[in-house]
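The values are calculated or read from the model by the stated rules, or taken from the named source; none is laboratory data. Computed from a prediction, not measured in an experiment: that's the story for all the values here. All Cβ positions, even for glycine, are placed from backbone atoms using ideal geometry, and neighbour counts span all protein chains on display.
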Amino acid sequence: MIYEIRTYTLRTGAVPEFEERYEKRLPARLKHSKLGAFWHTDFGPLNQVIHVYPYDDLDHRTKVRAALAADRERNALPGGQDLIVAQEAEIMIPAPFMRPLGSRDYGTGNFYEMRIYTYPAGALPQVLEAWSKAVPAREELSPLAACWTSELGGLNKFIHVWPYKSSVERDRIRAESRGPGRAWPPQSGVRPLRQENKLLIPASFSPVR
């Protein structure tokens with residue numbers, strides 16, 4: 001399985017309108033393949049929406065994209081092109097320990113922290129090995145929603161996503177994860193070259209809420 005992550009930077013204040021239009025077009029989109037998640041940023045780069053679609057492989061994605069281009073019903077509805085300032089698409093590979101996105105119910109009222117690390121070339125296998133050993137104990141505190149490495153787009157990226165009920169819960173869990181007897185964050189022996197994080201709010205129609 002692969003995941004396509006599309007990030008759209010919108011005009012200031014355009015997120016509500018973009019999501020409204022997207023929701024109206026979504027039933028026609030779901031005839032072709034399922035939606036994994038849809039978020040907008042609350043902290044980090046503002047005025048961004050991020051949507052995630054899983055595909056069997058690149059061939060599956062190509063066929064879906066072709067079908068979408070020919071879908072008159074969907075294309076007759078207003079899209080959001082006039083609201084977009086910039087866009088980025090990346091193909092991501094799930095980490096071996098990642099459960100499929102949406103396979104667990106986190107309830108509603110969550111926000112999601114997406115942390116994006118860029119590592120030196122060739123370091124990701126070492127990072128994945130360290131994380132595979134540490135994630136089970138970390139998930140005793142809160143679940144891992146997603147973990148990907150980049151395949152196409154920005155290379156050498158490692159992305160992990162965690163749901164929380166509140167900023168207070170996030171701070172508490174992060175403090176506990178670093179407490180005595182805890183091996184977090186995973187020690188892979190290699191440091192990322194770059195780190196960023198985004199706090200994400202799910203859209204009302206997002207499968208991951």
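What the table below lists for this structure:
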read-out: Test result for residue 133, in contact with a Gly (Cβ under 7 Å, 6 or more places away or on another chain) and not aromatic (Phe, Trp, Tyr); value: no
read-out: Filter result for residue 119 (touching a helix residue (DSSP H, G or I) at 6+ places or on another chain (Cβ under 7 Å) and hydroxyl-bearing (Ser, Thr, Tyr)); value: yes
read-out: Qualifying residue in the stretch 54-68 (condition: surrounded by fewer than 12 Cβ atoms within 10 Å (Cβ to Cβ), touching a residue at least 40 places away in the same chain (Cβ under 8 Å) and under 19 Å from residue 5 (Cβ atoms)); value: yes
read-out: Qualifying residue in the stretch 12-19 (condition: among the β-branched types (Val, Ile, Thr), surrounded by fewer than 13 Cβ atoms within 10 Å (Cβ to Cβ) and modelled with pLDDT of 95 or more); value: yes
read-out: From 88, 129, 140, 113, residue being touching a strand residue (DSSP E or B) at 6+ places or on another chain (Cβ under 8 Å) and surrounded by fewer than 16 Cβ atoms within 10 Å (Cβ to Cβ); value: 88
read-out: Test: residue 144 is without any contact (Cβ under 8 Å) to a residue 60 or more places away in the chain and touching a His at 6+ places or on another chain (Cβ under 7 Å); value: yes
read-out: Qualifying positions in the stretch 176-209 - over 27 Å from residue 103 (Cα atoms), over 20 Å from the mean Cα position of the chain (by Cα) and exposed (fewer than 15 other Cβ atoms within 10 Å of the Cβ); value: 178, 179, 180, 181, 187, 189, 190, 191, 193
read-out: Flag for residue 51 being outside any loop (DSSP other than H, G, I, E, B) and in contact with a Phe, Trp or Tyr (Cβ under 6 Å, 6 or more places away or on another chain); value: yes
read-out: Criterion: basic (Lys, Arg), without any contact (Cβ under 8 Å) to a residue 12 or more places away in the chain and over 30 Å from residue 19 (Cα atoms) - qualifying residue of 182, 172; value: 172
read-out: Residue check, residue 134 in contact with a Pro (Cβ under 6 Å, 6 or more places away or on another chain) and aliphatic (A, V, I, L, M); value: yes
read-out: Selected residue [in contact with a Lys or Arg (Cβ under 9 Å, 6 or more places away or on another chain) and of a type in the set (Lys, Arg)] from 72, 29; value: 29
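Matching residues to (1) in contact with a helix residue (DSSP H, G or I) (Cβ under 9 Å, 6 or more places away or on another chain); (2) outside any strand (DSSP E or B):
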residue: 78; (1), (2): yes, yes
residue: 90; (1), (2): no, no
residue: 96; (1), (2): yes, yes
residue: 112; (1), (2): no, no
residue: 115; (1), (2): no, no
residue: 142; (1), (2): yes, yes
residue: 150; (1), (2): yes, no
residue: 172; (1), (2): no, yes
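Conditions (1) closer than 25 Å to residue 120 by Cβ; (2) at pLDDT below 95; (3) in contact with a strand residue (DSSP E or B) (Cβ under 7 Å, 6 or more places away or on another chain), marked per residue:
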residue	(1), (2), (3)
146	yes, no, yes
159	yes, no, yes
182	no, yes, no
185	yes, yes, no
190	yes, no, no
